[in-house]
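One structure is given below, encoded as structure tokens.
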Amino acid sequence: MSGSASLSIAGAPAARRPRLGPALGLLGVALALAVLIALSSGSIPLPLNRVLSHLAQAVGLPGEVLTSRDAAVLYTLRLPRIVLAAAVGVTLGVAGASLQAIFRNPLADPGLVGVSSGAAFAGSVTMMLGVSGLGLSRSGLSLSTLLPATAFLGALAATILILALARRDGRCSATDMLLAGIAVNALGAAGIGLSSYLGDDQALRQMTFWMMGGFGGAAWTHIGPALVLMLAATAGLLANARRLDLYALGERDAFLLGLEPHRFAVRTVLLVALGVGAAVAVSGLIGFVGLVVPHMVRLWLGPAHRRLLPATALAAATLLILADTAARSIAAPADVPVGLLLGAVGAPVFLWLLRARGGRSFG
């Protein structure tokens, strides 16, 4: 099966697929509605009309200012969570679609193939040792600044290992990739368990909630460095959309069309590791976004990455904002971890995707 064929999944014929502009417009409207719902929902409800009136007044339009308490909830609690959820969704969605092109496998995902596990292991070691334990107490770095860097290195190491193990005769075997991912996930889980065992009570509590995935700790000062890394990585992946289409044709065809496949794959892997590492550092482990969202968008818009990547970014951002809104609303005032919520939904969807392929080979 050729690369392009392996990425094309049964769906609407090309002639019936919607145009990109209207599709992005529809997704943009869905994202805006998700943001509005998130702004007004939670353990402390804020009437939407008052929120919109306050935001209008803030940009110089007629409106009314919120009370000091409601303004604090809006700016200190709601907006950082919404921005972080959107950024993590965009990063994981675009990273998942890019990995699927590199592996030429529509079921590749940063979580399934061990990239997120590598980032989580590095992050757990960082939390266990702390800044002083890593010998960086004199550097002035905080744990929130250090976590994205170490999580990136863990994601990068895991990705390079999986690529090396899965590569045979110039292409990545899907079976070997999944087996390598299982092995790397097992190693990561063992390392995380060891870090939990060796860490003190504070580190253990921090790791436990972090591993469940969520945005409860979002704060502007905490998420700033990770947002920069996620933005840079996602921008680089979006700029590679046409090159990903060439790479999906196969390395030989891509080379004849002017693309140097090996260097391009390495650059893409670095960008994925950078984005996923930063996302895991601030949100913990959130699975299935990078698998399910690109897959569904591909069924709708087709496999061309200039259409797939921007639509996936908007759809993934919408999904995570709505998931976070549900997580902090269904058991208010407590927060249900977003990772657990998405895992409960994503696992059945993934099994449906496997069954829908009817036992066909992934590679």
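Observations on the structure shown:
- Qualifying residue in segment 249-269 (condition: modelled with pLDDT of 85 or more and under 17 Å from the mean Cα position of the chain (by Cα)): yes
- Taking (1) at pLDDT 80 or above; (2) under 25 Å from Leu301 (Cβ atoms); (3) among the β-branched types (Val, Ile, Thr); (4) surrounded by 13 or more Cβ atoms within 10 Å (Cβ to Cβ) in turn, Val29 satisfies each apart from (4).
- Residue match in segment 14-25 (condition: at pLDDT 85 or above, of a type outside the set (Gly, Ala, Ser) and loosely packed, with under 14 Cβ neighbours inside 10 Å): yes
- Whichever residue in segment 188-208 is surrounded by fewer than 16 Cβ atoms within 10 Å (Cβ to Cβ) and within 22 Å of the chain's Cα centre (by Cα) and, among such residues, is modelled with the highest pLDDT: Ala189
- Criterion: without any contact (Cβ under 8 Å) to a residue 24 or more places away in the chain and either under 20 Å from Met230 (Cβ atoms) or touching a helix residue (DSSP H, G or I) at 6+ places or on another chain (Cβ under 9 Å) (or both) - qualifying residue of Arg50, Arg16, Arg104: Arg50
- Selection within segment 52-69 - crowded, with 18+ Cβ neighbours inside 10 Å and not in a loop (DSSP other than H, G, I, E, B): His54
- Enumeration of residues in segment 120-161 that are under 19 Å from the mean Cα position of the chain (by Cα), of a type outside the set (S, T, N, Q) and at pLDDT below 80: Leu147, Pro148, Ala149
- Wholly enclosed helices (runs of 4 or more DSSP H) of segment 245-363 bearing at least 2 residues basic (Lys, Arg): 261-283, 305-327
The values are calculated or read from the model by the stated rules, or taken from the named source; none is laboratory data. All figures in this text were calculated on a predicted structure; none of them were measured in a lab. Positions of Cβ are backbone-derived with ideal geometry, glycine not excepted, and every protein chain shown enters the neighbour counts.
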